[in-house]
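The next block holds one structure in the form of structure tokens; read it before the comments.
The values are calculated or read from the model by the stated rules, or taken from the named source; none is laboratory data. Source: prediction; values computed, not measured. No Cβ is skipped: glycine too gets one built from the backbone with ideal geometry, and neighbour counts run over all protein chains shown.
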Amino acid sequence: MGRTLPLVALLFALGSWKPASAGQPARAHHAMVVSREVHATEAGLAVLRSGGNAVDAAVAVGFALAVTHPAAGNIGGGGFMLIRLADGRTTFLDFRERAPATASRDMYLGPDGALTRESVSGYRAVGVPGTVRGFEFASTHYGRKPWAELLAPAIELAAKGFPVSGDLADSLKNARPKLELFPDSRRIFLKQGAFYAPGERLVQPELAGTLGRISSAGAREFYEGETARRLAQAMAQHGGLITLADLRAYQVVERQPLTGRYRGYDLVTAPPPSSGGVGILEILGILESTGYAKSGPGSAASIHYTVEAMRRYFADRSEYLADPDFVRVPVAALLNKPYLAGLRKSIDPERATPSARLRPGAPPRVESSETTHYSIVDAEGNAVAVTYTINAGYGSGVTVPGLGFLLNNEMDDFAAKPGAPNLFGLVQGEANAIQPRKRPLSCMTPTMVLRGGRLYLVLGSPGGPRIISSVLEVIQNVLDFGMSLEDAVASPRFHHQWLPDTLYVEPGVSPRTAARLAARGHRVERIGSMGEVAAILIDGGSLQGAADPRSEGHAAGY
Ligand code: GLY
């Protein structure tokens, strides 16, 4: 616990609240890209304009973000891509990192049995990256443009540089304690401690070289070529676990998206090893038919109901959610209507249920950080939602010498010590304990909502466990409270994750509402901003794109 709390506080402090002024959304008639950063959005838009589809654009945006948004954009991490083709077919590409073959359950415990910091910082924190193989799989199976064309904008941004924004300059400066520990990170991202000023160009020649080799030789280069050899060599030199064999063995898994219905809308969302899709459907399933929305958005009563549903879901998450290739995850049971009705009945409309009194539920046995998100819809109606990550901002802090990219610290998403909180304060159980080649449980939740069988909403967010709350609350704001997309994204957010038993609220939640929630028994704590939603709403022939006013996101279409 002592290890975790300051980190949690730091994470919350990093997300500085911005006045949630709902600006105008971008509007377009054909296609839309919403991502965290303007150059990446422009790269995606250029691919769409030149005949690429939404999957091509998603790959180009992902590689561009690896250059322009180093806190989370990556080739050294992993993520999820949710695809819905214009003909209604859907798929989910899981390119989440995996534990190396020599990883073990207690590898982050010191001799005293206490957690060390090795799951968050340095070479031992790194899971086998999946992004490059994920993007190649997407491009080969669902794209149409040549691979090299999709990497070209990223290579140019890395080779020629781009002007550092105010946000990026601040973010890099704030990451100093992590990045200065590793010589290449210090040189590339901190200018040897001199720091980048807003407007100064960030040029990344080593990254341009790595991307250039991937452009010429494909993902093989990253997993078996020079990049792989240098990565494995650096791991061996610095006590990391990833070997050439781990890299060579990395596989993308194509999964069925998780689907569900809520008040006549169809949701298509992320299956395990994401915990997010189950979370959205379980929470909405508890809320359905409570009439919670009658009291209005932002009211103490509607927040109370939502928080009580969140609390129950996160308790279940701690027990049941994990990599489905290693653990039987009872998805159908957790979303079973009588089970959800039981959870609903256990909510007192006037009083918070103390988390200490709440254990994970007993669903019936039926079979059946920093991160970034971008959303894309093309002119044919194909849609892609990608959330990918290196876990905490700037991941493990390690830039592999000579390769120019940061490595993840995704190993911390495992239950490094089941029952003890991780970087996000999340308490997780045995199901998510470390095992060789297992994927750590994630909260990333790329999601789509269909209305009358037609694509209506495409969205997702970064934010560790707050991803689930951020995505959920934007869905509620649009579906239950009838807000415009820009208001839905800008509205103040709140979050509860069972443990710690704290209701986190953004500063935009009014003092009166906070006092009413406290009177119901919630321990209310104000934090900086949470989540950075990138959303597209499709209404008839028009597209609206909303980047989150909490960040420097950028929506553009044509
Ligand atoms: N690394 C954050 C997540 O996957 O939930």
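Restricting the first member to the stretch 381-410 and to residues that are within 30 Å of Gly88 (Cα to Cα), and the second to residues that are away from the ligand (no atom under 13 Å from the Cβ) and part of a loop (DSSP other than H, G, I, E, B), the beta-carbon pairs closer than 7 Å and six or more apart or on different chains are Gly381/Ala86; Asn382/Asn53; Asn382/Leu85; Asn382/Ala86. Among the residues of the stretch 387-401, those that are more than 13 Å from the ligand (Cβ to nearest atom) and either surrounded by fewer than 24 Cβ atoms within 10 Å (Cβ to Cβ) or part of a strand (DSSP E or B) (or both) comprise Thr399, Pro401. On the basis of being over 19 Å from Ser442 (Cβ atoms), in contact with a strand residue (DSSP E or B) (Cβ under 6 Å, 6 or more places away or on another chain), surrounded by 24 or more Cβ atoms within 10 Å (Cβ to Cβ) and of a type outside the set (Asp, Glu), does Ala58 make the cut? No.
Scan Ala420, Ala488, Ala416 and give me the residue that is over 18 Å from the mean Cα position of the chain (by Cα), crowded, with 24+ Cβ neighbours inside 10 Å and modelled with pLDDT under 95.
Numbers: Ala420 fails: crowded, with 24+ Cβ neighbours inside 10 Å; Ala488 fails: modelled with pLDDT under 95.
Criteria check complete, one pass: Ala416.
All conditions but one from (1) polar (S, T, N, Q); (2) touching a Ser or Thr at 6+ places or on another chain (Cβ under 8 Å); (3) assigned to a helix (DSSP H, G or I) apply to Ser216; the one that does not is (2).
Scanning the stretch 311-342 for residues that are surrounded by 22 or more Cβ atoms within 10 Å (Cβ to Cβ) and either within 14 Å of Ile283 (Cα to Cα) or more than 22 Å from the chain's Cα centre (by Cα) (or both) yields a count of 10. Selection over the stretch 142-164 of residues that are within 27 Å of Arg89 (Cβ to Cβ) and either touching a His at 6+ places or on another chain (Cβ under 7 Å) or in a loop (DSSP other than H, G, I, E, B) (or both) gives a count of 4.
Val128 meets all of the listed conditions (1) crowded, with 21+ Cβ neighbours inside 10 Å; (2) aliphatic (A, V, I, L, M); (3) at pLDDT below 95 but one, namely (3).
Looking only at the stretch 363-380, decide whether some residue is out of contact with any helix residue (DSSP H, G or I) (no Cβ under 6 Å at 6 or more places or on another chain), closer than 30 Å to Gly110 by Cβ and away from the ligand (no atom under 16 Å from the Cβ). Scanning the stretch 363-380 turns up no residue that is out of contact with any helix residue (DSSP H, G or I) (no Cβ under 6 Å at 6 or more places or on another chain), closer than 30 Å to Gly110 by Cβ and away from the ligand (no atom under 16 Å from the Cβ). Which residue out of Gly531, Gly508 is in a loop (DSSP other than H, G, I, E, B) and surrounded by 24 or more Cβ atoms within 10 Å (Cβ to Cβ)? Sole residue among the options that is in a loop (DSSP other than H, G, I, E, B) and surrounded by 24 or more Cβ atoms within 10 Å (Cβ to Cβ): Gly531.
Okay, residues lined up against (1) modelled with pLDDT under 95; (2) among the acidic types (Asp, Glu); (3) buried (at least 17 other Cβ atoms within 10 Å of the Cβ); (4) out of contact with any helix residue (DSSP H, G or I) (no Cβ under 7 Å at 6 or more places or on another chain):
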{"position": "Ala101", "(1), (2), (3), (4)": "no, no, no, no"}
{"position": "Ala114", "(1), (2), (3), (4)": "yes, no, no, yes"}
{"position": "Val132", "(1), (2), (3), (4)": "no, no, yes, no"}
{"position": "Ala138", "(1), (2), (3), (4)": "no, no, yes, no"}
{"position": "Ile155", "(1), (2), (3), (4)": "no, no, yes, no"}
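Take Val329 and decide whether it is among the hydrophobic types (A, V, I, L, M, F, W, C), in contact with a strand residue (DSSP E or B) (Cβ under 9 Å, 6 or more places away or on another chain) and either within 27 Å of Gly130 (Cα to Cα) or within 16 Å of the ligand (Cβ to nearest atom) (or both). Write out each step before concluding.
Details: among the hydrophobic types (A, V, I, L, M, F, W, C): yes; in contact with a strand residue (DSSP E or B) (Cβ under 9 Å, 6 or more places away or on another chain): no; either within 27 Å of Gly130 (Cα to Cα) or within 16 Å of the ligand (Cβ to nearest atom) (or both): yes.
No, not satisfied.
One residue alone among Lys173, Lys178, Lys160, Lys145 is at negative phi, within 24 Å of the chain's Cα centre (by Cα) and surrounded by fewer than 22 Cβ atoms within 10 Å (Cβ to Cβ), and that residue is Lys173.
Does Gly404 satisfy the criteria of being assigned to a loop (DSSP other than H, G, I, E, B) and under 30 Å from Arg187 (Cα atoms)? Judged against the criteria, Gly404 is a match. If you go through the stretch 233-289 and keep only what is hydroxyl-bearing (Ser, Thr, Tyr) and either assigned to a loop (DSSP other than H, G, I, E, B) or more than 16 Å from the ligand (Cβ to nearest atom) (or both), you end up with Thr243, Tyr250, Thr259, Tyr262, Tyr265, Ser275, Ser289.
Filtered by the rule that a residue be at pLDDT below 95 and within 15 Å of the ligand (Cβ to nearest atom), the stretch 427-448 gives Val427, Gln428.
Have a look at Ser121, Ser139 and point out the one that is assigned to a loop (DSSP other than H, G, I, E, B) and either closer than 16 Å to Asp412 by Cβ or within 22 Å of the chain's Cα centre (by Cα) (or both). Before the answer, list the steps.
On the way: Ser139 fails: assigned to a loop (DSSP other than H, G, I, E, B).
Being assigned to a loop (DSSP other than H, G, I, E, B) and either closer than 16 Å to Asp412 by Cβ or within 22 Å of the chain's Cα centre (by Cα) (or both) holds for just one of Ser121, Ser139, which is Ser121.
Only one of the numbered conditions (1) under 16 Å from the mean Cα position of the chain (by Cα); (2) farther than 18 Å from Gln497 by Cα is violated by Gly463, and that is (2). Within the stretch 474-508, being over 26 Å from Tyr265 (Cβ atoms) and among the β-branched types (Val, Ile, Thr) holds for Thr502, Val505. Selection of the stretch 456-513 for residues being within 16 Å of the ligand (Cβ to nearest atom), under 17 Å from Ile527 (Cα atoms) and among the aliphatic types (A, V, I, L, M) yields Ile467, Ile468. Just one of the listed residues (Glu552, Glu473, Glu506) is at pLDDT 95 or above and more than 19 Å from Met444 (Cβ to Cβ), and it is Glu506.
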